[in-house]
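Notes follow once the structure below has been shown.
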Amino acid sequence: MTGNKQTLEELSQEYRDTIPGDLRQTHSFDWYLDTLYEDPKVARNAHQRVADMFDYYGTEYDEADGVVEYELAAGDPIEDGENTFYGRVVHRAIHEFVNKVKSGARGLGPQKRIKLLLGPVGSGKSDFDRQVRRYFEDYTARDDGRMYTFRWTNLCDIIPDQDPADDVVRSPMNQDPIVLLPQDQREQVIADINERLDAPYTIRNEQALDPASEFYMDRLLAHYDDDLEAVLENHIEIIRLIADENKRQGIETFEPKDKKNQDETELTGDVNYSKIAVYGESDPRAFDYSGAFCNANRGIFSGEELLKLQREFLYDFLHATQEQTIKPKNNPRIDIDQVIVGRTNMPEYRDKKGDEKMEAFNDRTKRIDFPYVLQYSEEARIYEKMLRNADLPDIIVEPHTLEMAGLFGVLTRIEEPDATKVDMVQKAKAYNGEIDESEDVDVKKLRDEAAEKADIGEGMDGVSPRFIGDEIAEAIMDSMHRDRQFLSPLTTFNHLEENIENHGSIDADDFERYYRYLEMVREEYKERAIEDVRHALAYDIDEIQRQGEKYMDHVMAYIDDDTVEDEITGREQEPDEQFLRSVEEKLQLPEDRKDDFRQEVANWVSRRAREGETFDPQDNDRLRRALERKLWEDKKHNINFSALVSSGDMDDDERNQWIDALIEQGYSEEGAKEVLEFAGAEVAKSEMEE
């Protein structure tokens, strides 16, 4: 057993190193004023701080899509990539979410709206919401994200009826210390610090003190003959505020419960009955600021399954958003400052959208569609992450397994295109960034067409990654029980097919369609398996190089309207059109597109020559595949495909050579045998049909 033994002293020191240096320190109000002038961002509001948080961890602009990818989601630097998000549509959703937060930071309106993440089950909206909260905790613990609040001290010295247990009282709403200044004086300070501020927004704060703090301020000012300086010097301590979801400090999550047992006090707070006997029911000191909106002040309020709440319960969100206040029972309004995020699934959204009585709530909502991933290679990365984060058995995941599972998921989510122009698999490939070689595919038109057909948006329905991930997990365990040390696409397909009708989230009306999609995926896998076997059986680097050079000689002669020397006779001859087409047809290039392809590869060769690089068909993916397929066609008639299915009919050395070639492509030995037999049977079948 290897590894260092950690002592308690070492663990304790590591813990101390993670704590901000001023976490336990207290400061004077005068110190806080100096800090504001040195770093005005300390006084940011919640939207401004969250907006800066996204930029702090890194960004990358995707010019093609016009989307900013935020490292917080795309890379997860805190957890070393453990919780990353994949897919063009998902990063667009995150981009739109951050845009709304940044608009709110500038005071453009979204600061007074609920940011509602709308998507199907398992689309990742909850994970993203959790990620935002996790990073907000981390950001506020760093110098760039620091914020402060205050506490009242020595209250019993001045206020006769103050409970000794309340001699020191923390700001109940964790308000920014600047609210301790009267509005006129506060505006002077804010104007000064805005002149020093380097940011795309300005600092604003028009909040009133919470009722309890207002009570203390009034009593203390009366005692000191309105000497504000005396109050702040003798009774205010400035303390660091770090968001902490577990402590319900600067972050709060709220979820629906039993309708009969849930009331508005869970949001706005309630009377502290233990204090009524001390202060009386109407005294602001007897109020318990434990509501979700109170706890989330200065940070993030997260509403889980928000639209499952009763309509009457949602009315509290109207003031919280538009007026940025809450109104507890029998208490004055309380100002709040927070980014309000809600999450909901499709059924609840459709139900509330058609409710006329929800018009005011809907008007205060900014919807951000959070769809399923629509790129199957990115979907495969979700499953890779799932396996990477698990205690995976000693098993090899064979090539194409996760991608084909992802392809099935994507097919269930995309709208069916015009079949006369492109089929479902071609559309999925186009979304995946693959260029169709047989016809022009306009991805933008496909997306526009889908947007017109979809109820809310493409990717908002279909099979969830959670369902497919569960079946992959089952397939792994099934393989282990059968002493198979590999997971293949064929095993995964079987588990998907067996359990489509057993999954509660899949509607019975979709069964037939999903089975059809699964057959499409099987067919796509068959082509890929044959391609891998073709590569193993007929791959010859020297022959591909020779054929590639011959192809380019004839292409250049064709473009220059020149002749080419015959390899055997040495005589000059016209370019061999039959040979050229025999290569190009392997890419299913029609006659009317041959000139484009020939010019494309000619330009590629010329560009490499200018850069001093020699011609190598291996470096051009399309040309390489065309030459490999031609070589396969030339050799396949000499291969006994039926023998591939039965190892007893084949020379062991020859079979082992092919298995080794497949292992080089990422297969396990047993997986190579399976795909060799599978592809051999399929090719033998097609040979017989021909």
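The values are calculated or read from the model by the stated rules, or taken from the named source; none is laboratory data. Remember, predicted model here, so these are calculated numbers, not experimental data. Cβ atoms come from the backbone with ideal geometry, glycine included; neighbour counts cover every protein chain shown.
Any residue at all in segment 525-533 that's modelled with pLDDT under 90 and of a type outside the set (V, I, T)? Steps first, answer last, please.
The first filter runs over segment 525-533 and keeps only residues modelled with pLDDT under 90, leaving 530-533.
Now restrict to residues that are of a type outside the set (V, I, T): 531-532.
Yes: segment 525-533 contains one or more residues that are modelled with pLDDT under 90 and of a type outside the set (V, I, T).
When you go through (1) touching a Ser or Thr at 6+ places or on another chain (Cβ under 8 Å); (2) surrounded by fewer than 19 Cβ atoms within 10 Å (Cβ to Cβ); (3) of a type in the set (A, V, I, L, M, F, W, C); (4) more than 23 Å from Y224 (Cα to Cα) one by one for V168, which number turns out not to apply?
Unmet condition: (4).
So which of I334, I276 ends up being surrounded by fewer than 20 Cβ atoms within 10 Å (Cβ to Cβ), under 22 Å from W152 (Cα atoms), in the same structural domain as Y148 (by TED's automatic domain parsing) and among the β-branched types (V, I, T)?
Details: I334 fails: surrounded by fewer than 20 Cβ atoms within 10 Å (Cβ to Cβ).
Exactly one residue qualifies, and that residue is I276.
Go through (1) part of a helix (DSSP H, G or I); (2) under 35 Å from the mean Cα position of the chain (by Cα) one by one and return the number of the condition I506 breaks.
(1)
Take V179 and decide whether it is without any contact (Cβ under 8 Å) to a residue 24 or more places away in the chain and in contact with a Leu (Cβ under 7 Å, 6 or more places away or on another chain).
Here the answer is no, as V179 does not meet what is asked.
Within segment 344-367, is even one residue among the hydrophobic types (A, V, I, L, M, F, W, C), without any contact (Cβ under 8 Å) to a residue 60 or more places away in the chain and assigned by TED's automatic domain parsing to the domain that holds R447?
Looking through segment 344-367, none of the residues is among the hydrophobic types (A, V, I, L, M, F, W, C), without any contact (Cβ under 8 Å) to a residue 60 or more places away in the chain and assigned by TED's automatic domain parsing to the domain that holds R447.
Which ones in segment 556-603 are polar (S, T, N, Q), modelled with pLDDT under 90 and loosely packed, with under 11 Cβ neighbours inside 10 Å?
T569
Considering every residue within segment 214-229, establish whether at least one is within 30 Å of L108 (Cα to Cα) and either buried (at least 18 other Cβ atoms within 10 Å of the Cβ) or in contact with a Ser or Thr (Cβ under 8 Å, 6 or more places away or on another chain) (or both).
The initial filter retains those residues of segment 214-229 that are within 30 Å of L108 (Cα to Cα), namely 214.
Within this subset, residues satisfying the condition of being either buried (at least 18 other Cβ atoms within 10 Å of the Cβ) or in contact with a Ser or Thr (Cβ under 8 Å, 6 or more places away or on another chain) (or both) are none.
No, every residue in segment 214-229 fails to be within 30 Å of L108 (Cα to Cα) and either buried (at least 18 other Cβ atoms within 10 Å of the Cβ) or in contact with a Ser or Thr (Cβ under 8 Å, 6 or more places away or on another chain) (or both).
Of everything in segment 414-473, what is hydrophobic (A, V, I, L, M, F, W, C), touching a residue at least 24 places away in the same chain (Cβ under 8 Å), closer than 30 Å to M386 by Cα and outside any helix (DSSP H, G or I)? Give them in sequence order.
Scanning segment 414-473 gives I414, A454, I456, M460, V463.
For the structure I just gave you, tell me whether V42 is among the β-branched types (V, I, T), within 30 Å of the chain's Cα centre (by Cα) and farther than 18 Å from F136 by Cα.
On the way: among the β-branched types (V, I, T): yes; within 30 Å of the chain's Cα centre (by Cα): yes; farther than 18 Å from F136 by Cα: no.
Spelling it out, it is not the case that V42 is among the β-branched types (V, I, T), within 30 Å of the chain's Cα centre (by Cα) and farther than 18 Å from F136 by Cα.
With the requirement that a residue be in a loop (DSSP other than H, G, I, E, B) and in contact with an Asp or Glu (Cβ under 7 Å, 6 or more places away or on another chain), what does segment 400-413 give you? Lay out the reasoning, then the answer.
At the first step, the residues of segment 400-413 found to be in a loop (DSSP other than H, G, I, E, B) are 400, 412-413.
Residue satisfying the conditions is R413 alone.
Provide a single number: the residues in segment 515-562 that are more than 23 Å from S488 (Cβ to Cβ) and either part of a helix (DSSP H, G or I) or hydrophobic (A, V, I, L, M, F, W, C) (or both). Step through it out loud before you land on a result.
So the first thing to find is which residues in segment 515-562 are more than 23 Å from S488 (Cβ to Cβ), and the list is 540-562.
Checking which are either part of a helix (DSSP H, G or I) or hydrophobic (A, V, I, L, M, F, W, C) (or both) leaves us with 541-559.
Qualifying residue count for the region: 19.
Filter segment 21-30 down to the residues that are at pLDDT 80 or above and of a type outside the set (G, A, S), then identify the one that is farthest from Y139 (Cα to Cα). Reasoning before the result, please.
From segment 21-30, those at pLDDT 80 or above are 24-30; that's our starting set.
Retained after the next criterion (residues that are of a type outside the set (G, A, S)): 24-27, 29-30.
Details: R24: 18, Q25: 19, T26: 20, H27: 21, F29: 24, D30: 25 Å.
Among those residues, the one meeting the criterion is D30.
Look at I300 and say whether it is farther than 18 Å from L116 by Cα, at pLDDT 85 or above and crowded, with 16+ Cβ neighbours inside 10 Å. Step through it out loud before you land on a result.
Details: farther than 18 Å from L116 by Cα: no; at pLDDT 85 or above: yes; crowded, with 16+ Cβ neighbours inside 10 Å: yes.
Taking the combined requirement at face value, the residue does not satisfy it.
Based on what the data block shows, is V271 surrounded by 14 or more Cβ atoms within 10 Å (Cβ to Cβ), farther than 15 Å from D316 by Cβ and at pLDDT 95 or above?
On the way: surrounded by 14 or more Cβ atoms within 10 Å (Cβ to Cβ): yes; farther than 15 Å from D316 by Cβ: yes; at pLDDT 95 or above: no.
Taking the combined requirement at face value, the residue does not satisfy it.
Find the helices (runs of 4 or more DSSP H) located wholly in segment 1-119 whose residues include 2 or more that are under 30 Å from K352 (Cα atoms), and list them.
Working: elements: 8-18, 29-38, 46-56, 71-74, 88-105.
Fully inside segment 1-119 and qualifying: 46-56, 88-105.
Quick one: how many residues across segment 251-301 are among the polar types (S, T, N, Q) and outside any loop (DSSP other than H, G, I, E, B)? Talk me through it step by step, then tell me what you get.
Taking segment 251-301 as the starting set, the residues that turn out to be among the polar types (S, T, N, Q) are 253, 261-262, 265, 268, 272, 274, 282, 290, 295, 297.
Retained after the next criterion (residues that are outside any loop (DSSP other than H, G, I, E, B)): 253, 265, 268, 274, 295.
Residues that pass the stated criteria total 5.
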